[in-house]
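J.: Handing you this structure, nothing more for now.
The values are calculated or read from the model by the stated rules, or taken from the named source; none is laboratory data. Nothing here was measured: the structure is a model prediction, and the numbers come from that model. As a convention, Cβ positions derive from the backbone with ideal geometry for all residues, glycine included, and neighbour counts pool all protein chains shown.
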Amino acid sequence: MTDTAAPAGATPKAKKSLFKALEIDTRLLGMIGAFVVLCLVFNVVTDGRFLTPRNIFNLTIQTVSVAIMATGMVFVIVTRNIDLSVGSLLAACSAVMAMTQTWLLPDVLGLGLGHPIIWLVAIVVGLVVGTAIGAFQGFLVGYLSIPAFIVTLGGLLVWRNVAWYLTAGQTIGPLDATFMKFGGINGTLGTDASWAVAAVAAVAAVAVIFMARRSKLAHGFPVKPLWAEGLLALVAAGAIVGFIAILNAYDVPIGRLRRIFEARGQEIPEGFSMGYGLPVSVLVLIAIAVAMTVIARRTRLGRYIFATGGNPDAAELSGINTRLLTVKVFAIMGALCALSAVVASARLANHSNDIGTLDELRVIAAAVIGGTALSGGIGTIYGAILGALIMQSLQSGMAMVGVDAPLQNIVVGSVLVLAVLIDIQYRKRTGGK
Amino acid sequence: MAATMDAEHASPGATPLVEMDGIRLAFGGVHAVDGVSLTLHAGEVLGLLGHNGAGKSTLIKILSGAYRMDSGTIRINGEAVKIESPRDSRRYNIETIYQTLALADNLDATANLFLGRELVTPLGLMNDAKMEAETRKIMARLNPNFKRLSEPVSALSGGQRQSVAIARAVYFNAKILIMDEPTAALGVHETQMVAELIEELKKQGLGIILISHDTREMMELCDRVAVMKNGQLVGTERVEDVTEDDILSMIILGKNPRAAV
Ligand SMILES: Nc1ncnc2c1ncn2[C@@H]1O[C@H](COP(=O)(O)OP(=O)(O)O)[C@@H](O)[C@H]1O
Ligand SMILES: [Mg+2]
């Protein structure tokens, strides 16, 4: 575009210079805009039922499982690969973890049901299995040069049926009580702890913004004007606090409260109410999002992932071991499938054979709607999470409006194709790849 | 320091920086490099000429570790070495500007310059600020007009991309510099700057292998020129011993007129 080359003093257009000063990814703005419009439309059509604390809470916990895997899919697609096996891998991890916590630890090792270490061991076992399977698939792709499409298409069939075989097709449950706290509504921080998290996160966000600024100044690099940086920090902190405020505003239903008090042998006080606050599963997603973003932006591994996606030959000539890199990327994907399995099975309170069915499509769609280019080299973690959120909102919103199931899928499928079309046009216009 | 280097390579008995001996590499049935031997001394510019497909790029890619040769030996400072990957060649301070530039288009100039050799903080995270500052320093030296350090290199002009590739090869204190058609995408002024850079690096005692199609330019810049045809070495001559026409006939006919005498 010509305006990027124009000298700084030349006829500033108010709108453009605002975005320029803020240095915000316009693509991100477009996605947020689309999301906001989507929410507002559903809210109007549902007579204000869409944007209630309750529905936002539910939307959030429904998004977590796919969003976690979508962050890993970004790395996979950025390196010009694909992983069709994530839903099946999730099922395999879920099966192994369910067996670990309901049979292996309590019965075979004799810890007994409800032992406080069970949830942790189960998760570790799941992570090991997921990482190992992912690494194995990565090995087939990286070292044996079998196309990722084929390896993971095979995996799609293999891992779900490994799960079936292991569990003899049985639904396994109920799961360990502590483990189930990762599922969403059964494990929330409550209002006080949620406010604390909001405060810490807001301070951290502001600190990161201003520390980056200080480091730039120290090296004599150009920085955004102070007001722009301040505005950005304010928006970030405001978004964090606002989000927590909404989750805190969703009150635990009175019937449930009564049961909680009864379990303690107490009478519920008159007029007592309690907000759910931040679900543990969302906290897990946030932690993963931060970790994956740091990997993508600030570590060599991330740099090599993007370099390899941009130009595999150049990466190779720069001494990057692209084969091993492929193994690492698929291993990360496998580990994230395991974490997703924790959230998904905990939400359902048991393991069933069809857990995670069709998740591969949702995860790939989330990453792609979030701006990950299938040609490789381009993608962001926050984009993929936003993509997952948009997909889930679309699905839930239509369900709420009463759109028929087949129509729902037709719309979601069309939106995916449309999103990619818009993305291609956008990249052409901005001169990106 | 440059003076001692000069003295070293000037003495006829000095150990060559690089000796490539009987190098062969075939791709399927194509003998891309077919028994080529070359030497390169410190403080010397060796030109490599030949038609497209003569095997020049393949030969230098063997030295830079991009390809593994089928047979032959490589000695660096008299010692036989195994160069099996780009990492190996970097260990011997060999830096290469590839004909294709080998840039990751989606990354910026800084990321490309440090690709595979990122500077990290004590925590193991990338030290972006330091890397960007270093990139600014070297680019100021090589291409003072270049200011677009944090844009994807896909947005840059051919000349700017070339200067990023050159900066990457020069920044890491190479002892052996391979330049495969470094001026192909450059204008007259930029080509002149590369010529000056080559002179400067040569004075610092680097050994440089330069590939170009511009025979006149090669006669000016190089101490010796080697000509290849169909994967074989036609001959190697000191530039003061031959005319431009001699070189051209070596390229075209594949025969060394001086050897025929
Ligand atoms: N990676 C490759 N695979 C197969 N053939 C190749 C490859 N690289 C080069 N060649 C062949 O080897 C020969 C020499 O090519 P090259 O070294 O690129 O020549 P030059 O650089 O002198 O133009 C050509 O015939 C070319 O087609
Ligand atoms: Mg060539």
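J.: Among the candidates B:VAL239, B:VAL188, single out the residue that is surrounded by fewer than 20 Cβ atoms within 10 Å (Cβ to Cβ), more than 16 Å from ligand 1 (Cβ to nearest atom), closer than 23 Å to B:VAL36 by Cα and assigned by TED's automatic domain parsing to the domain that holds B:LEU17.
T.: B:VAL239
J.: Is it true that some residue in the stretch B:158-169 is surrounded by fewer than 17 Cβ atoms within 10 Å (Cβ to Cβ) and not assigned by TED's automatic domain parsing to the domain that holds B:GLY47?
T.: Applying the first criterion (surrounded by fewer than 17 Cβ atoms within 10 Å (Cβ to Cβ)) to the stretch B:158-169 yields B:158.
From the residues that got through so far, the ones that are not assigned by TED's automatic domain parsing to the domain that holds B:GLY47 too are B:158.
Yes, the stretch B:158-169 contains at least one residue that is surrounded by fewer than 17 Cβ atoms within 10 Å (Cβ to Cβ) and not assigned by TED's automatic domain parsing to the domain that holds B:GLY47.
J.: Please give the number of the condition A:VAL403 fails out of (1) within 14 Å of chain B (Cβ to nearest Cβ); (2) outside any helix (DSSP H, G or I).
T.: (1)
J.: In the stretch B:19-41, is there at least one residue being within 12 Å of chain A (Cβ to nearest Cβ) and away from ligand 1 (no atom under 12 Å from the Cβ)?
T.: No, because not a single residue in the stretch B:19-41 is within 12 Å of chain A (Cβ to nearest Cβ) and away from ligand 1 (no atom under 12 Å from the Cβ).
J.: Looking at A:LEU105, A:LEU166, A:LEU109, A:LEU157, can you tell me which residue is out of contact with any strand residue (DSSP E or B) (no Cβ under 7 Å at 6 or more places or on another chain), surrounded by fewer than 18 Cβ atoms within 10 Å (Cβ to Cβ) and without any contact (Cβ under 8 Å) to a residue 60 or more places away in the chain? Steps first, answer last, please.
T.: Working: A:LEU105 fails: surrounded by fewer than 18 Cβ atoms within 10 Å (Cβ to Cβ); A:LEU166 fails: without any contact (Cβ under 8 Å) to a residue 60 or more places away in the chain; A:LEU157 fails: without any contact (Cβ under 8 Å) to a residue 60 or more places away in the chain.
None of the other options fit; the residue is A:LEU109.
J.: Still on this structure, I have one more. If you take the residues of the stretch A:379-400 that are closer than 19 Å to A:MET69 by Cα and among the small types (Gly, Ala, Ser), which of them is nearest to the other protein chains (Cβ to nearest Cβ)?
T.: Among residues in the stretch A:379-400 that are closer than 19 Å to A:MET69 by Cα and among the small types (Gly, Ala, Ser), the one nearest to the other protein chains (Cβ to nearest Cβ) is A:GLY379.
J.: I would also like to ask the following. Looking only at residues that are within 14 Å of chain A (Cβ to nearest Cβ) and within 16 Å of ligand 2 (Cβ to nearest atom) in the stretch B:170-182, which one is surrounded by the fewest Cβ atoms within 10 Å (Cβ to Cβ)?
T.: B:ASP180
J.: Which residues, counting only those in the stretch B:91-119, are facing another protein chain (nearest Cβ under 7 Å) and not in a helix (DSSP H, G or I)?
T.: Step one: of the stretch B:91-119, the residues facing another protein chain (nearest Cβ under 7 Å) are B:98, B:102-107, B:111, B:115-116, B:118.
Correct list: B:TYR98, B:ALA102, B:LEU103, B:ALA104, B:ASP105, B:ASN106, B:LEU107, B:LEU115, B:GLY116, B:GLU118.
J.: Does the stretch B:22-46 hold any residues that are under 30 Å from B:GLU199 (Cβ atoms) and away from ligand 2 (no atom under 14 Å from the Cβ), and which are they? Let's see the steps before the verdict.
T.: So in the stretch B:22-46, the residues under 30 Å from B:GLU199 (Cβ atoms) come out as B:23, B:33, B:36-46.
The answer is B:ILE23, B:VAL36, B:SER37, B:LEU38, B:THR39, B:LEU40, B:HIS41, B:ALA42, B:GLY43, B:GLU44, B:VAL45, B:LEU46.
J.: I've got another one for you. Test B:GLU196 against the stated conditions and say whether it is more than 14 Å from chain A (Cβ to nearest Cβ), within 16 Å of ligand 2 (Cβ to nearest atom) and modelled with pLDDT of 90 or more. Spell out the reasoning first.
T.: On the way: more than 14 Å from chain A (Cβ to nearest Cβ): yes; within 16 Å of ligand 2 (Cβ to nearest atom): no; modelled with pLDDT of 90 or more: yes.
Here the answer is no, as B:GLU196 does not meet what is asked.
J.: Considering each residue of the stretch A:208-226, count those that are in contact (Cβ under 8 Å) with a residue 12 or more places away in the chain, under 22 Å from A:ILE32 (Cβ atoms) and either within 25 Å of the chain's Cα centre (by Cα) or assigned to a helix (DSSP H, G or I) (or both), and give that number.
T.: Pass one, the stretch A:208-226, residues in contact (Cβ under 8 Å) with a residue 12 or more places away in the chain: A:209-210, A:213, A:224-225.
Next, from what is left, pick out any that are under 22 Å from A:ILE32 (Cβ atoms): A:209, A:224.
Restricting the remaining residues to those that are either within 25 Å of the chain's Cα centre (by Cα) or assigned to a helix (DSSP H, G or I) (or both) gives A:209.
Residues meeting the conditions: 1.
J.: Can you find a residue that is within 14 Å of chain B (Cβ to nearest Cβ), surrounded by fewer than 15 Cβ atoms within 10 Å (Cβ to Cβ) and out of contact with any Asp or Glu (no Cβ under 6 Å at 6 or more places or on another chain) anywhere in the stretch A:353-372?
T.: The answer is no; no qualifying residue exists.
J.: Oh, and also: Can you name every residue in the stretch A:302-341 that is facing chain B (nearest Cβ under 10 Å) and under 26 Å from A:GLY155 (Cα atoms)?
T.: Passing the criteria: A:GLY302, A:TYR304, A:PHE306, A:THR308, A:GLY309, A:PRO312, A:ASN321.
J.: Looking only at the stretch A:342-351, decide whether some residue is under 30 Å from B:LEU107 (Cβ atoms) and more than 14 Å from chain B (Cβ to nearest Cβ).
T.: no
J.: Confirm whether B:ALA226 is under 16 Å from the mean Cα position of the chain (by Cα), within 16 Å of ligand 1 (Cβ to nearest atom), closer than 30 Å to B:GLY22 by Cα and surrounded by fewer than 16 Cβ atoms within 10 Å (Cβ to Cβ). It would help to see each step written out before you state the result.
T.: Working: under 16 Å from the mean Cα position of the chain (by Cα): yes; within 16 Å of ligand 1 (Cβ to nearest atom): yes; closer than 30 Å to B:GLY22 by Cα: yes; surrounded by fewer than 16 Cβ atoms within 10 Å (Cβ to Cβ): no.
For B:ALA226, the condition - under 16 Å from the mean Cα position of the chain (by Cα), within 16 Å of ligand 1 (Cβ to nearest atom), closer than 30 Å to B:GLY22 by Cα and surrounded by fewer than 16 Cβ atoms within 10 Å (Cβ to Cβ) - is not met.
J.: Return the pairs, sorted by first residue and then second, in which the second residue is in a loop (DSSP other than H, G, I, E, B) and surrounded by 16 or more Cβ atoms within 10 Å (Cβ to Cβ), the first residue lies in the stretch B:74-88 and is within 14 Å of another protein chain (Cβ to nearest Cβ), the beta carbons are less than 6 Å apart, and the residues are 6+ apart or on different chains.
T.: Filtered contacts from the stretch B:74-88: B:ILE83/B:GLY65; B:SER85/B:GLY65; B:PRO86/A:GLY319; B:PRO86/B:GLY65; B:ARG87/A:GLY319; B:ASP88/B:GLY65.
J.: Still on this structure, I have one more. For the stretch B:184-205, indicate whether the set of residues that are in contact with a strand residue (DSSP E or B) (Cβ under 9 Å, 6 or more places away or on another chain) and on the phi > 0 side of the Ramachandran plot is non-empty.
T.: no
J.: May I pose another question? Any residue at all in the stretch A:285-292 that is more than 11 Å from chain B (Cβ to nearest Cβ) and in contact with a Phe, Trp or Tyr (Cβ under 9 Å, 6 or more places away or on another chain)?
T.: yes
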